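The values are calculated or read from the model by the stated rules, or taken from the named source; none is laboratory data. Everything numeric in this text was worked out from a predicted model, so none of it was measured. Every residue, glycine as well, gets a Cβ built from its backbone with ideal geometry; the counts of neighbours run over all protein chains shown. We work out accessible area using only protein heavy atoms, side chains counted, and drop any ligands, DNA or RNA first. Shrake-Rupley method; radii C 1.70, N 1.55, O 1.52, S 1.80 Å.
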Amino acid sequence: MNLIVKKDTELKNIYTENSACAKEHKATPEAPIKMYNGYIVPGEDESAKRLGEKCVDELKKNIIADFERTEEYCREHNEDDPDLMVHVSTFKIIDGIVYMTYYANTGSDAEDPNKQEARFAFCPINNPKDMTIVQVQKVGEILDGKKIDALYDTILMYKGGDEIYIMWTASADKQYYRFYCTFSISKKTLSAVRPNRFKVGDITNDFSMSGIKDALACNGIPYKTMFVDIGIMQKLTSRIENGEVYYYTGAYSGYFNCIIKSKDFITWEYVSTPDFINLSLWENAVYVLGDKCYYFVRQHECMQGFLTCYDLKEDKWEKPCLIRDTQSRSDFIFYNDELYLIHAPIDRDGFGMIRIDHEDLSKSKIVFVAEMKESMFYPYTDVYGDDAYISYTVDRKHIRLSKFNLKNYIK
């Protein structure tokens, strides 16, 4: 692929001070869910496991490409240091081109945020060998006077037009931020890097660990324990509000998870967080249909994730339904007017699919349980026609893209 990738001149004064706030920071209690509506156990459904075997066979036959920087890729492109560790993928297929993000370590095979870099790769879906892999940001770089000393989850978002938004978590002088840049599809160039922004009420701060905490505190909103890094989920759904299109997704840090929305992928507005006591942890899947926002997240110190729904008009959360053996990142997909949850088990060697019952979450039905019998981390799924394309990490060595046909599993 004929390509010239370059970064615009880095901007100055890109960081802002948090808005002054004299209000006390308040903590949200954390404990197992006591009141719930239903308990789904995918692993006990033998017919779902048999159907899952069919899906595994299809996925293994339909592998499209691996997107990490291999020794072969380095030789062909006169580059050093092939990837020794890769993790957490997101993709979008636009006009026959697959665009993929992930983070990588070329120094060791460890998942070590102090040695990682954000990656962006793309290739024609019918010619994966014609692949371009771009380093977006690497630990050790200086961004407007601050040293990038750690780096984590890297995602992409697209709402049409010429620009793809690439976003990632990085620590600058020991303060975690969400950063972004844009990629021009036509020019094949990267923009300068800037911090995202986090808005709660009338308060807008940088999308940083302290920015989130201060913006919530200024609005009297308590929050759970946040630690290490902060994230934004990849799956987007839109809703028109006051004549403007808002894009919804989830945000998280440690035990804290919330719904956020944005008009421009730059400033993200806080919407809500579950109002019942729970043990939520890391990535929270979000999907908006009309006035309802469906929500799923794993938990810590127990074997269950929880599925719930937030009414955007009534500002009301539904009683959650528990789902057994759910860990890692989960995701929603929409197909033939039905919503499905893609969830991953604790052993991280497969995934499952559940059809969501819009009237009663506890009556949601297991579609299949796919046991890959090999490493399968952090599945991310997008639907094109009748095909579900799925990217995932294999043993932190490969960023893989495959697909399966939904008609084979959904009646």
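General observations
- Matching residues, the stretch 117-174, being within 15 Å of Asp229 (Cα to Cα) and of a type in the set (Gly, Ala, Ser): Ala118, Ala150, Ala170, Ser171, Ala172
- No other residue among Leu307, Leu341 is touching a Cys at 6+ places or on another chain (Cβ under 9 Å) and either at pLDDT 95 or above or not in a strand (DSSP E or B) (or both) apart from Leu307.
- Single residue of the stretch 238-268 satisfying the filter (touching a Phe, Trp or Tyr at 6+ places or on another chain (Cβ under 8 Å) and charged (D, E, K, R)) that is farthest from Ile342 (Cα to Cα): Lys263
- Residue match in the stretch 350-360 (condition: surrounded by fewer than 24 Cβ atoms within 10 Å (Cβ to Cβ), of a type in the set (Lys, Arg) and modelled with pLDDT under 95): no
- Reported count of residues in the stretch 63-104, each being touching an Asp or Glu at 6+ places or on another chain (Cβ under 9 Å) and either open to solvent by 10 Å² or more (accessible area, probe 1.4 Å) or without any contact (Cβ under 8 Å) to a residue 12 or more places away in the chain (or both), is 10.
- Residue match in the stretch 169-184 (condition: in contact with a Cys (Cβ under 9 Å, 6 or more places away or on another chain), within 17 Å of Ala104 (Cα to Cα) and at pLDDT 95 or above): no
- Elements of type strands (runs of 3 or more DSSP E) contained in the stretch 224-263, each with 1 or more residues being within 11 Å of Leu281 (Cα to Cα), hydroxyl-bearing (Ser, Thr, Tyr) and touching a residue at least 40 places away in the same chain (Cβ under 8 Å): 244-253
- Across the stretch 28-38, the qualifying residues are those that are touching a Lys or Arg at 6+ places or on another chain (Cβ under 7 Å) and of a type outside the set (S, T, N, Q), and the one among them that is surrounded by the fewest Cβ atoms within 10 Å (Cβ to Cβ) is Met35.
- Test set (1) buried (at least 20 other Cβ atoms within 10 Å of the Cβ); (2) within 30 Å of Ile93 (Cβ to Cβ) - Tyr158 fails condition number: (1)
- Of the residues making up the stretch 331-343, none is acidic (Asp, Glu) and farther than 21 Å from Thr237 by Cα.
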